[in-house]
Amino acid sequence: MFTTTGSRGLYKAPLSKGLLLVLSGLTVMLSLLPQYQHMFEYNMQAVSQQQQVWRLLCGRLVCLDVKDSFCSGLLIYNFRIFERRFGSRKFASFMLATWCLSALLDLLLAQAVYFLFDYEVEELPAGLLAPVFSLFVPFYWSIPKVPVTQVLGHISITNKTLVYIVGLQLLTSSPFMWLLALSGLISGGLYHGNILWVRKILFVPAWLGFVARYILEPIFSSSQPTGEAPLGMGATLDIQRQQRMDQLDQQLLLAQFNEAHLNARQTPQAGLLQWTRLFPTLRQRAQNRAPAQPGPQAQTHPSAQAPPLDNSVAEEQVARLVEMGFSRMDALEALRASNNDINMATNFLLQH
């Protein structure tokens, strides 16, 4: 279901890998050594009344609950697509800025709860939770939604459904998790919209990124997955194009679930789950698979060929993809392969 991030694991995502390994390892260590857990508690009273500012650092990094650590780790693994797309330094700048902003918002929201409901928030869930919730903001606005299937004919399942379910599970794990989620979403919105020039104030300096690149990146970097030929190293242009078209074909098959749902209405099936709505037939898949090399018969029958793209519409779609950071050549290739479907072309380009 994590279809927006591809299947390349943590390749080109060293910061995400480091967060997963280090923070998860510390959570396991603290679960085995409970006598040290009090040092990592996110105690709001100790921060505001006893001026234990160090708790803002220790209490907002390591999860004391294994379930919270597992859910936040799943979300970080899914959100690694932003590190691949923007680079490790920009991704680190986002995490740093939202971490600092959410720390301030935690104190303000705790005071707001005290004045509105006359209830003093003593302790909040520990861990890197608010920055994880802040990543839902670019996830909602930047990742296209691709329909996968429908359950019971009414509940639509997309490539982003499981991510929201994991976030909901994390949200309901403790009573005051909503406060961290709210501060994270607000801080993510401030950074995403560059409110008050947050990106120019809170960022990772270039020298620090240079040091981390040569010290930390070799430790947490992942090798290139097998089966993916690097550019310019033994892989011809035709082979690379064929590999891309095969992966795009898998995304096109996902879009055919909606068409299968409409066809299944004409022939209803008994039972609680109508499986013909969930899986298209092989004939429908064959109709949507483009031939690898058009033969002479395809030239003699123009009606069998795909309709040409409208130049005005295609140029507008290409401009939108170029504004998102993709090259013009890749944008044209993706639009031609997806029949000028901007959502499917964007989803294809995000995976490569």
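The values are calculated or read from the model by the stated rules, or taken from the named source; none is laboratory data. Quantities reported herein were computed from a predicted structural model and do not represent experimental measurements. We place every Cβ from the backbone using ideal geometry, glycine too, and count neighbours over all the protein chains shown. These area figures cover heavy atoms from the full protein model, side chains too; ligands, DNA and RNA do not enter into them. Shrake-Rupley method; radii C 1.70, N 1.55, O 1.52, S 1.80 Å.
For segment 2-145, the fraction of C-alpha pairs more than 26 angstrom apart is 30%. Here the simple spin-label model places points 7 Å from the Cα toward Cβ, and for LYS67 and MET329 these points are separated by 5.2 nm. Listed by chain and number, the lysines whose C-alpha is less than 28 Å from the C-alpha of LYS90, apart from same-chain residues fewer than 8 away, are LYS12, LYS17, LYS145, LYS160, LYS200.
Determine by what factor the alpha-carbon radius of gyration of segment 153-225 differs from 2.2 N^0.38 Å, reporting the quotient. It would help to have the intermediate numbers written out before the result.
Details: Rg = 18.3 Å, N = 73, 2.2 N^0.38 = 11.2 Å.
That ratio works out to 1.63.
Each peptide among 115-123, 39-47 gets the average number of other Cβ atoms lying within 10 Å of its residues, and from highest to lowest they stand as 39-47, 115-123.
Using R₀ = 51 Å, calculate the FRET efficiency as 1/(1 + (r/R₀)^6) where r is the Cβ-Cβ separation of GLN49 and VAL322; round to 0.05. All intermediate terms of the calculation are to be shown ahead of the outcome.
Working: r = 53 Å, r/R0 = 1.05.
That gives a FRET efficiency of 0.45.
Per-residue extension of 0.36 nm, minus the Cα-Cα distance of VAL113 and LEU171, leaves a gain of 19.1 nm for this segment.
Nearest 0.05, what FRET efficiency do ASN339 and TRP197 give at R0 = 41 Å with Cβ-Cβ as r?
Details: r = 41 Å, r/R0 = 1.00.
With a Förster radius of 41 Å, E is 0.50.
From the alpha carbon centroid of segment 84-129 to that of segment 151-173 is 24 Å. For ILE219, the solvent-accessible surface with a 1.4 Å probe is about 110 Å², rounded to the nearest 10. The peptide list 167-178, 183-194, put in order of mean Cβ contacts within 10 Å with the highest first, becomes 183-194, 167-178.
Mean projection of the alpha-carbon convex hull of segment 102-192 over all orientations, in nm²?
Numbers: hull surface 29.0 nm².
If you wrap the Cα atoms of segment 102-192 in a convex hull and average its projections, you get 7.2 nm².
Highest mean packing comes first when the peptides 136-149, 11-24 are listed by Cβ atoms within 10 Å, giving 11-24, 136-149.
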